[in-house]
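A.B. asks: Attaching a single structure in structure tokens format; questions to follow.
Computed from the coordinates by the stated procedures, all read-outs in this text should not be read as laboratory data. In this text the structure is predicted, and so the values were computed from the model without any measurement. Here the Cβ is made from the backbone with ideal geometry for all residues, glycine too, and neighbour counts use every protein chain on show.
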Amino acid sequence: MRATDRSAVAVFLAVTLASLTLLPLTQDTSYIPLGVVITLAVTLVGAVVRRIGLGNGVVLGVQALVLLAFVAGIAWSLGGTEGNLLAQVGGLYSSAAEHMRTQAAPMIPHPGVKLLLVSAIGVVAVLTDVLVEGIERPAWAIAPPLTLYLVPALGLNDDLTWWPFVLLALGYAVVLLSEGLTAATRWPRAVGTPDHPQSDQGLHVGYAARAAAMVVVPVLLATVLIGAVLPLPGQLGWGVGAGRGAQGPIQMTDPTLDLKRNLTQPENYTVLSYQTDAPSGSYLRMASLPVFNDAGWQSAGVSLQPGTTLPPPPGLTVEPARERTTEIQVGDFRSEYLPLPYAPRSVGVEGEWAYDPQSMMMLATGQDRVEATRNLSYQVTSLDIEPDGERLSTAEAGAPVDANLTAALPPDLPPEIIDVALERTADASTPALKAAALQEWLRSSDFTYSTEQAQGTTYEQLTDFLVEDRRGYCEQFAGAMAVMARVVGIPSRVSVGFLPGERIAGGFEVRVRDMHAWPELYFEGEGWVRFEPTPAVVTGNAPPWTIAGTNRGGTSTDEGADPSSEPVPSAEESTPPPPSPTPSDSASAPAAPGGGFPWGRVALAGGVLAGVLALMSLPAVLRLRRRRARLDHSGEIVDRVERAWAELRDTARDIGHPWPSGSPRSIGAQVSRGLDAGPGRAMTAMSQLVERARYARSLETHANVTGLTREVLDGMTAPLSWDTKLLAWIWPRSLFTGLSWQLPERLRVWERVRWPEKLTPPWRRS
């Protein structure tokens, strides 16, 4: 097989294996055969054009034309926007971008995404072929396939398993093996032994295979070991809080990441259903965001407690409205947060779970925690927190245990937000009335609900939402009310979960677009109370305890009060409710925001990596020590000559060149033919010194043995690429010369194959 053909096969296999690393992104596997076909077309065209003898520029141009034609053909077959073919391709790419923005991985099938993935695979195939054959830098061939691997590795919130990296490494090993075979067949044309061509070819194949294996096996070993202890990008959870479960620290994902994506799903599919013994449905709460800064609302560190029996809700000292039992069945919805009515008291659920006593949220702590809710069924006993409207109107803002988080107001909060909060609550006399005034304003016609706004609750976004544009979706409505509540002195946090859903026969059905965010405010005696600032077009009626005309607690899903009604009016002075518990009476406060980075696991992974690297470098260290000893100036001249000759022999083996047999003069003549003039003369001189040392025993003691040896060594390695030199330095083959690397004869089946005469390689013909 020609070198170009061998490289084409290697590129094809490497890119095909790398394309499989995109599988975690999509449910549509039909991109794989298309990717295989386009990769085969690109590599086959490259090999054919190179056989003709055209330049690399022509090869690249032809490959680009083939790629464009293939992409155009796929776009035409998939359809798209009306118009010419270019408009079709652009329309498919645009729709793919929107689909990826609004979909959670693995994405449902989409023609634009299929075209985008296949196009990316084709581009990677062209670039890899250019690196391997165009500029002859096969060591760089890892870069294009690595981009395919990095897309799911960096873009997914889920844990990425080890197998995609193994596929990537195997593909790279194939490229290295191909290059090893090519490099091993170049020099022997000048220095090979005509009497033993078959054995030389076997040496080339064996050396190339062993060299590739020596690189890949330690890399795969390090990957598996490090992957077991070091969180991959999907696990690190940058910018979100860390929790500590029963078996050590875990990293919480940001619950708002999928909020906008789920709200804009093209298909409003069912994610869960539930049945309850209460007369109405319930908000299903998943996570709590108590931290607010210039980056928006975020999670905080929590102190998770193992178990499924929860303590009383923080701050609640009055009798709750009722206790309800809810049976929930989750479908194809993956999360580490368990959807629960607030406030949960006990949960009957399978798996490993833990709860935070302050936020009352439950998180999975098992190995597959990010998929813990998928197809899960469980039962919840909870308290309905439905305050009496008249009592709430006179309640004071409380002091929760985590007030350092939930009452903190950033010193750099834009003055526009402060001014609008104070202006809108100027006529309200109590904290609850101020909160009701804020809710009433946000639910009024001054604001427009729209999912076209960008995700987030940064200073700039909330200022624009409250002062300028006044358009947004639940994340902005909830975030704006929560921060304005803090401005007027009420502790607040933002919760993420689901609306109660639609009543069906026997229960309620919750769909993906029912995902929602709302604020919770803290009052003395009442604890954390839900408000609903998002307009009625999405949420229906506001909670009855926050609007006029309701003196008793009720349910926000019942048909009742007008959501645009005035805030709860001031009631006559009533007996103040008992004070909320002191911090010492409640569970310990959460950890500092942001959680702790898993330094211990990173250090362990670093230690494992250092150990693997040390083991990999051991042959290089031994070989370097041997070379220094051989080129040492001490000892008798005869010994120095023999040591130098042995060094020349081993260096040739290290770089994949067979050492000829015969007398020193014969060996010198054969090797020198493959060297430049200067190193060739030095090799001839060295062969003469060896011959005289062995047979004449008369050598001049001042002979420059070391200088001649170094000149020959430089001549041997000068034509080699840097990656070939590196491979020879890391894995010196001469160290293993005495070991038997051949398979048993019964396993070498290729030696028993009888080839037709026309197909038999020259060195195999009798």
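A.B. asks: Return the FRET efficiency for the residue pair residue 676, residue 150: r is the Cβ-Cβ distance, R0 is 35 Å, and the value is rounded to the nearest 0.05.
C.D. replies: 0.25
A.B. asks: Of all beta bridges DSSP finds with both residues in the stretch 242-555, what is the antiparallel percent, to the nearest 5?
C.D. replies: 95 percent
A.B. asks: Find how much the distance from residue 688 to residue 610 grows on full extension, using 0.36 nm per residue of separation minus their present alpha carbon separation; answer in nm with one decimal.
C.D. replies: 23.5 nm
A.B. asks: Quick one: if you stick a label point 7 Å off each Cα along the C-beta vector at residue 374 and residue 136, how many nm between them?
C.D. replies: Between residue 374 and residue 136, the label points sit 4.9 nm apart.
A.B. asks: Between residue 40 and residue 86, what FRET efficiency follows from the Cβ-Cβ distance if R0 is 22 Å, with the result rounded to 0.05?
C.D. replies: It comes out at approximately 0.30.
A.B. asks: A further question on this structure: If we count other beta carbons within 10 Å of each Cβ, what is the order of 618, 92, 383, 631, fewest first?
C.D. replies: 618, 631, 383, 92
A.B. asks: May I pose another question? Extension gain residue 444-residue 704, at 0.36 nm per residue separation less the Cα-Cα distance, in nm?
C.D. replies: Full extension from residue 444 to residue 704 adds 84.0 nm.
A.B. asks: Using 0.36 nm times the number of residues separating residue 725 and residue 78, minus their current alpha carbon distance, what extension gain do you get?
C.D. replies: So the chain would gain 228.1 nm between residue 725 and residue 78.
A.B. asks: Cβ under 11 Å from residue 710's Cβ, residue 710 left aside: what net charge do those residues give with Lys, Arg +1 and Asp, Glu -1?
C.D. replies: It works out to a net charge of -2.
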